[in-house]
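Each remark here refers to the structure printed beneath this line.
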Amino acid sequence: MPLADFISSLQDNPYFGAGFGLVGVGAGLAVLRKASMFGMILFRRHCMMTLEVPCRDKSYQWLLQWITMNARHTQHLSVETTFKQHDTGKISTSFDFVPSVGTHFFYYNKTWIRVERNREQHTLDLHMGVPWETVTLTALGRNKALYFHMLDEARKLALKREEGKTIMYTAMGSEWRQFGHPRKRRPISSVILHEGVANRILSDVREFINTPQWYSERVVTFLGIPYRRGYLLFGPPGCGKSSFITALAGELEYSICILNLSERGLTDDRLQHLMSVAPQQSIILLEDIDAAFVKREESATTKVAYEGLNRVTFSGLLNMLDGVVSAEARILFMTTNYLERLDAALIRPGRVDVKEYIGHATDYQLRLMYERFYPEVATSTNAANDFVNAIKKLEKPVSMAEVQGLFMFYKNDPMGIIENAEKIGTL
Ligand code: ADP
């Protein structure tokens, strides 16, 4: 059969014709799909903007909070719960809603924005031990200022939440993470220390912060001491060491970075690193410093055991104190209930510049507390003195925490507190 006849017979065959048609349609669709993908890529590249924010970025949490505020119609949220213990011991819980993992849309500045929160199943943020996350925003247009405004608003919103508050950080891996909600600043006058103590510390810190030039010229250059000042508050528990440091941070508008030296996994290198990356304008607080180390001569075996457990070594701590590498003034506070348990090397001048004893309630503190609590009665009568005498008659040292407990019990009874002073510490 000649070729032309063969082809025409195929064309006449209805099955072959239909098959040929299908192949044609399929090929056409494939071309269309390719073209639309290509078109989409071009469109994305030239007419859309994306912004990717990884979870390690500072603005990540701000942005999530801000999106929750703006994407009001989002029904898919995830919760972040925080506990907060108040000074009174009461614990309150608060819930923060943020957009859940997945896709959300919201309208901002006359533009629809797509938010995609992704969680990697197989990648961990090694520092934090949590799954790696990113938020990707996609918007129509080419105006990058949109994202800039958005991030700026998110930052402002976050700062507003922190206004008048003290932020607490804790070390996580090799970085500082905010924990809990920022706390309302505690006025420094609400912590009553013995006469002159609070002022001495406050003016020393102020002088340190306000004279960087003087410091770097003399102390840093001549003496080779880093731009750092160390404070040690020692004395029995419940007398106001921690409360004072919190109030001081509030007064200076500083945040507090709490370091637990006994924490496992906190190695010398990490300690050194954490010091150099601590947030600006923060007080670094090492609480109960005696708990992390015993005196060197006291127990060689315990020290070896400690060192074996991936912890900070004593020499690592000394190195950190001696070599804080930072252009910024570093304020370091240490507290202990047992000064005598501390190694002399730790508290020598240069490492600890100011030592203050925060002891049991003195007459001065008792009187001031009474005057603050019952100002009307205190100014018109001799009740404040009577209260001081009533406590003194007990002939036992009392902490200000115990005094506070008594005042809370007799909050509306300025005479009852004097008559029942012996109940201190039992309520
Ligand atoms: P420390 O750190 O010395 O163990 P804290 O600062 O934790 O003591 O105090 C425990 C509680 O007692 C806090 O609720 C605090 O309000 C109260 N308190 C302790 N000392 C004082 C003080 N000097 N003035 C006012 N309140 C105090």
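Show the residues, 5+ positions off or on another chain, whose built amide H is closer than 5 Å to the amide H of Arg186.
Close amide H contacts, sequence-distant or interchain: Gly250.
Sort 311-323, 342-354 by the packing proxy (mean of other Cβ within 10 Å over each peptide's residues), most packed first.
311-323, 342-354
In a shell of Cβ-Cβ distance under 13 Å around Val53, excluding Val53 itself, what net charge do Lys and Arg (+1) and Asp and Glu (-1) give?
Value of the local net charge: 0.
Using θ = phi - 60° and the Karplus relation 6.51 cos²θ - 1.76 cosθ + 1.60, list the HN-Hα couplings for region 258-273 in order, rounded to whole Hz, with x at every Gly or Pro.
Whole-Hz 3J(HN,Hα) from phi for region 258-273: 9, 10, 9, 5, 7, 5, 5, x, 8, 8, 4, 5, 5, 4, 4, 5.
Within region 115-215, which trypsin sites (Lys or Arg not before Pro) sit in a loop by DSSP and count at most 14 neighbouring Cβ atoms inside 10 Å?
Arg142, Lys144
Between Ile283 and residues 5 or more places away or on another chain, which pairs have amide H atoms under 5 Å apart, with H built 1.01 Å from N, and which residues are they?
Ser255, Ile256, Cys257
For the peptides 243-254, 383-394, what is the packing order when you average, over each peptide's residues, the other Cβ atoms within 10 Å and list the highest mean first?
The most tightly packed comes first, giving 243-254, 383-394.
Which chymotrypsin sites (Phe, Trp or Tyr not before Pro) does region 326-367 hold that lie in a coil by DSSP with at most 14 other beta carbons within 10 Å?
Tyr338
Applying the Karplus parametrisation 6.51 cos²θ - 1.76 cosθ + 1.60 with θ = phi - 60° to the phi angles of region 25-36, what ³J(HN,Hα) value in whole Hz is obtained for each residue in order, glycine and proline being reported as x?
4, x, 5, x, 5, 4, 5, 4, 4, 4, 5, 5
How large is ³J(HN,Hα) for each residue in region 109-117, as worked out from phi by the Karplus curve 6.51 cos²θ - 1.76 cosθ + 1.60 (θ = phi - 60°), to whole Hz, x for Gly and Pro?
6, 6, 9, 7, 10, 9, 10, 10, 9
What is the set of long-range amide H partners of Ser78 at a cut-off below 5 Å, with H atoms built 1.01 Å from backbone N?
Val98, Ser100
Given region 306-427, report the % of alpha carbon pairs whose separation exceeds 26 Å.
Above the 26 Å cut-off, region 306-427 has 46 percent of its Cα pairs.
With N set to the residue count of region 150-254, report its C-alpha Rg divided by 2.2 N^0.38 Å to two decimal places.
Rounded to two decimals, the normalised Rg is 1.31.
Where a number appears in this text, it was derived from the coordinates with a stated rule and is not lab data. Since we're looking at a predicted model, the values are computed, not measured. All Cβ positions, glycine included, derive from the backbone under ideal geometry; neighbour counts span all protein chains shown.
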